[in-house]
Amino acid sequence: MDMWEEVRQIAESAGCTLTVYMDDLTLSGPRVPERVIWAVKRQIHRCGLRYHKEKRYSGGVTEITGVIVKDGELMLPNRQHRKLHALRKQLLAETDAEEVEYSKKKVNGGRTQFEQVVARNR
């Protein structure tokens, strides 16, 4: 069986949520038992891979793969809001047609990111 499928089953069987983004793996839930973390580590090693970072959070506000989790709600970090604001200002200041199109794409990308995060709260 595929390593990611095994890891998903380990997380699911413990009532945890598995989130994978590129090379970041997050186990989340009201409680993530140590045995689950150990089982995931074993599975990663069994497939000949190694992990190099480990972070643990409990309670409060947490950032997981670039998204803030607060009281069960997802939101973008303030730096992403500032970046989108700056991109909008840049778009309004552009005069070159090619730069306007480029800036529009960047603003749309930021807006899409925001909408994806907000949609998860519905």
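No lab work stands behind these numbers, since they all come straight from the coordinates. Everything quoted here is computed from the prediction, not taken from an experiment. Note: ideal-geometry Cβ built from the backbone for every residue, glycine included; neighbour counts use all protein chains shown.
Count Lys and Arg as plus one, Asp and Glu as minus one, and take only other residues whose Cβ is under 15 Å from that of Ser58; the net charge is then 0. Taking Cα atoms only, the orientation of helix 34-46 departs from the longest principal axis of the chain by about 80 degrees.
Among Ile44, Tyr57, Leu27, which residue has its Cα positioned farthest towards the positive end of the charge dipole of the stretch 26-65, with +1 placed on the Cβ of Lys and Arg, -1 on the Cβ of Asp and Glu, and the dipole taken about the Cα centre? The listed residue farthest towards the positive side: Ile44. Dipole size of the chain about its Cα centre, with +1 on Lys/Arg Cβ and -1 on Asp/Glu Cβ: approximately 400 debye, rounded to the nearest 20.
Computed from the C-alpha gyration tensor, the three semi-axes of the ellipsoid equivalent to the stretch 1-61 are 19, 13, 11 Å, from longest to shortest. Among residues other than Lys89 with Cβ under 15 Å from its Cβ, the summed charge is +4 (Lys and Arg +1, Asp and Glu -1). Between Tyr102 and Lys41, the C-beta separation translates, for a Förster distance of 41 Å, into a calculated FRET efficiency of about 0.45.
For the options Leu27, Leu76, Leu91, a Gaussian network treatment of the chain with springs between C-alpha atoms closer than 10 Å singles out Leu91 as fluctuating the most.
Dividing the mean sequence gap of close Cα pairs (under 8 Å, 6+ apart) by how many residues the chain holds gives a relative contact order of 15 percent. Using Cα springs under 10 Å in a Gaussian network model of the chain, which residue among Gly110, Gly60, Gly29 shows the largest mean-square fluctuation? With Cα springs under 10 Å in the chain, the top fluctuation among Gly110, Gly60, Gly29 is at Gly60. Applied to the stretch 94-103, the Karplus parametrisation 6.51 cos²θ - 1.76 cosθ + 1.60 on θ = phi - 60° returns per-residue 3J(HN,Hα) values of 5, 10, 6, 4, 5, 5, 4, 5, 4, 5 Hz, with x for Gly and Pro. The alpha carbon radius of gyration of the stretch 25-119, expressed as a multiple of 2.2 N^0.38 Å, is 1.54.
Applying the Karplus relation 6.51 cos²θ - 1.76 cosθ + 1.60 with θ = phi - 60° to the stretch 104-117 yields 3J(HN,Hα) values of 4, 5, 5, 5, 4, x, x, 5, 4, 4, 4, 5, 5, 5 Hz, where x marks Gly and Pro.
Between Asp71 and Val118, the distance separating the two model label sites (each 7 Å from Cα on the Cα→Cβ line) works out to 1.8 nm.
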